[in-house]
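Beneath this line is the structure, given in structure tokens, with notes to follow.
The values are calculated or read from the model by the stated rules, or taken from the named source; none is laboratory data. Please read all numbers here as calculations on a predicted model, not as lab measurements. We place every Cβ from the backbone using ideal geometry, glycine too, and count neighbours over all the protein chains shown.
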Amino acid sequence: MACMAKVQGPVTVVPTVDPSAVPEGAVAAATGPGFDLDPEVRRVVVIGNGIAGTTAATEIRKLNPDANVTLFGHESYDFYNRMAIGKLMSESTAINNLYLLAREWAETKGVEYFPESRIVGVDPAGQSVEVEDGKRLDFDRLVLATGSRAFVPPLEGFGMPGTFVLRTIDDGVQIQQYVRRNRCRQAVIIGGGLLGLEAAHDLSQINVRVYVLNRGPWPLDRQLDEAAGSLLSQMMGDLGIAVMGRTSAVRLLGETKLEEIELTDGTTLRADLCLVTAGIEPETGLARLAGLELDRGVVVDDHMQTSHPHVFAAGDCASLGGTVFGLWPAAMEQGKVAATNLLGGDVSYRPTIPPARLKVAGIDLLSVGEINLPASGGSEILLNEPHGRAYRRLILQGDRLVGAILIGYPELFDPVIDAVKANADVGRYVAELEAGRWQVLENVSDLVPA
């Protein structure tokens with residue numbers, strides 16, 4: 001979930017998929033799809049109304065305004081910003097503020113939308129789906145965008161009152177209500193990734209003391225080096241949040257509700273609430289029933305096509321090359337790729353790792369690209385700040401910029417991201433970068449050979 005398309009940075013930036021921004025058919029009519037539409041594709045069913053499914057549905061209608069597109073979901077809420085649901089725990093936002101599309105978006109785009117109709121069966125050979133009310137709907141092409149659920153590792157006691165995951169609006173509301181009803185004063189979060197740290201901050205805003213258990217040696221150990229991770233731990237501590245490295249829970253204890261958590265070292269922590277933020281697990285139930293090839297998720301090729309030629313998959317449920325990306329930008333791009341190819345186009349999904357930004361007030365943090373020195377030709381530019389609450393590191397391969405870590409200096413985030421994505425040649429600016437004048441990265445066009 002912490003995962004992110006445009007919901008990045010020290011403030012929440014709302015990702016938008018605005019189907020009403022362009023009149024229906026205007027783009028297709030003006031420019032065409034850029035390829036010959038497959039005349040056999042007239043009816044498309046999309047299962048899943050998250051970012052991948054909604055993007056696929058709107059993209060199909062944009063590319064082929066004559067296509068009949070039906071979108072099914074399973075939540076009672078309209079399409080919303082899943083990455084901001086932690087704000088519901090701290091009461092710093094309302095449900096209505098999470099919606100990303102106008103209520104009439106589907107009607108505007110000509111999409112048949114059933115947000116609370118669950119699909120219970122898929123027949124790829126017969127090219128039909130079964131709705132929970134027993135009705136069947138035929139399709140020429142199908143997009144599985146069933147998303148994922150929160151992953152909970154085997155943990156004795158999980159499921160008792162006071163134990164939660166954070167994946168949906170209902171999860172956020174239930175946590176907030178439990179905290180208030182039980183006057184929770186201490187919480188333990190299992191998982192020191194972006195979601196765990198952001199949730200810890202949200203809970204701290206309602207006067208809850210928070211401990212974060214992290215299996216790795218420092219928080220965000222996949223995005224930060226040791227120096228940056230240690231600094232982040234200190235800064236979280238300044239906010240009253242204790243990050244405990246190389247620590248995990250063994251079991252949850254309590255008579256009628258959660259009271260304590262036993263740790264791997266044999267000690268216990270008092271806990272009124274436990275939140276598990278240990279990653280995601282792809283929703284593959286329908287794909288399994290349909291007989292599609294699975295590994296961790298629904299196996300797809302770079303066209304987002306599954307083992308059946310008429311079925312595509314995108315988003316958190318899809319597995320490409322054994323990888324489930326679990327990221328908002330990836331899901332959006334995969335939805336577009338699936339939409340193009342099922343209509344007769346020929347585009348490939350090229351995985352990229354989006355920048356990681358921590359959304360915690362008072363901490364400006366960015367990690368983009370590589371965080372380890374390349375084995376061949378690797379070098380770094382490292383600036384240790386005298387005041388001790390900022391950190392800057394660039395990773396180079398030869399003269400090319402391939403990665404960066406920043407704590408502080410939010411004004412440099414965008415130029416650094418652009419330069420890393422462009423694999424910019426910074427060789428002639430090394431002296432300036434070593435002197436801390438990173439503003440030279442602002443004109444990326446000067447750093448990329450024509």
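Among the residues of region 56-104, those that are more than 30 Å from residue 344 (Cα to Cα), of a type in the set (D, E, K, R) and at pLDDT below 95 comprise 75, 82, 91, 103.
Taking the conditions exactly as written (buried (at least 16 other Cβ atoms within 10 Å of the Cβ) and assigned to a loop (DSSP other than H, G, I, E, B)), does residue 278 satisfy them or not? Spelling it out, residue 278 is indeed buried (at least 16 other Cβ atoms within 10 Å of the Cβ) and assigned to a loop (DSSP other than H, G, I, E, B). Screening residue 76 on (1) over 23 Å from residue 168 (Cα atoms); (2) touching a helix residue (DSSP H, G or I) at 6+ places or on another chain (Cβ under 9 Å); (3) surrounded by fewer than 24 Cβ atoms within 10 Å (Cβ to Cβ) shows it passes everything except condition (1). Residue pairs whose Cβ atoms lie under 6 Å apart, sitting 6 or more positions apart in sequence or on different chains, and linking a residue in region 64-84 that is in the same structural domain as residue 316 (by TED's automatic domain parsing) and within 19 Å of residue 114 (Cα to Cα) to a partner that is of a type in the set (Asp, Glu) and at pLDDT 95 or above, are 70/112.
The residues in region 67-126 that are over 27 Å from residue 342 (Cα atoms) and among the β-branched types (Val, Ile, Thr) can be counted, and the count is 3. Picking from residues in region 126-136 that are part of a loop (DSSP other than H, G, I, E, B) and out of contact with any His (no Cβ under 8 Å at 6 or more places or on another chain), the one that is surrounded by the most Cβ atoms within 10 Å (Cβ to Cβ) is 132. Within this structure, residue 284 passes the test of being farther than 18 Å from residue 56 by Cα and either buried (at least 21 other Cβ atoms within 10 Å of the Cβ) or outside the structural domain of residue 428 (by TED's automatic domain parsing) (or both).
Need pairs with beta-carbon distance below 8 Å; first residue in contact (Cβ under 8 Å) with a residue 12 or more places away in the chain and within region 279-301, second among the acidic types (Asp, Glu) and assigned to a strand (DSSP E or B); sequence gap 6+ or separate chains. From region 279-301, the pairs are 290/123. The residues of region 240-271 that are under 17 Å from residue 159 (Cα atoms), of a type outside the set (S, T, N, Q) and part of a loop (DSSP other than H, G, I, E, B), listed by number, are 254, 255, 257, 258, 259, 271. Cβ-Cβ distances below 9 Å connect the following pairs, each with a first residue in region 132-150 that is on the phi > 0 side of the Ramachandran plot, a second residue that is of a type in the set (Asp, Glu), and a separation of six or more residues or different chains: 147/283; 147/316.
Taking residue 429, is it among the hydroxyl-bearing types (Ser, Thr, Tyr) and at positive phi? Criteria not met by residue 429.
Evaluate the following for residue 398: is it more than 24 Å from residue 230 (Cβ to Cβ), touching a residue at least 12 places away in the same chain (Cβ under 8 Å) and surrounded by fewer than 16 Cβ atoms within 10 Å (Cβ to Cβ)? It is true that residue 398 is more than 24 Å from residue 230 (Cβ to Cβ), touching a residue at least 12 places away in the same chain (Cβ under 8 Å) and surrounded by fewer than 16 Cβ atoms within 10 Å (Cβ to Cβ).
When restricted to residues that are part of a loop (DSSP other than H, G, I, E, B) and either touching a strand residue (DSSP E or B) at 6+ places or on another chain (Cβ under 6 Å) or at positive phi (or both), region 227-239 contains 0. For region 317-390, the strands (runs of 3 or more DSSP E) that sit wholly inside it and include 3 or more residues that are surrounded by fewer than 21 Cβ atoms within 10 Å (Cβ to Cβ) and outside the structural domain of residue 220 (by TED's automatic domain parsing) are 378-384. Among residues of region 192-220 that are basic (Lys, Arg), those with a beta-carbon under 6 Å from a residue that is modelled with pLDDT of 95 or more at least six positions away or on a different chain give the pairs 209/186; 215/248.
Got a sec? Which of 188, 208 is of a type outside the set (Gly, Ala, Ser), modelled with pLDDT of 95 or more and buried (at least 24 other Cβ atoms within 10 Å of the Cβ)?
188
Take the residues of region 60-74 that are under 25 Å from the mean Cα position of the chain (by Cα) and among the aliphatic types (A, V, I, L, M): which is nearest to residue 34 (Cα to Cα)? For region 60-74, the residue satisfying everything is 60.
Residue-level analysis places residue 399 among those that are of a type outside the set (A, V, I, L, M), over 30 Å from residue 90 (Cβ atoms) and not assigned by TED's automatic domain parsing to the domain that holds residue 205.
Tell me whether region 419-433 contains one or more residues that are closer than 22 Å to residue 220 by Cβ and part of a strand (DSSP E or B).
No, region 419-433 has no match at all.
Matching residues to (1) over 18 Å from residue 446 (Cβ atoms); (2) at pLDDT 95 or above:
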position: 376; (1), (2): yes, no
position: 386; (1), (2): yes, no
position: 392; (1), (2): yes, yes
position: 419; (1), (2): no, yes
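Those residues that are more than 30 Å from residue 257 (Cα to Cα) and of a type in the set (Ser, Thr, Tyr), I need them from region 110-161; list them, please. Scanning region 110-161 gives 113, 117, 128, 146.
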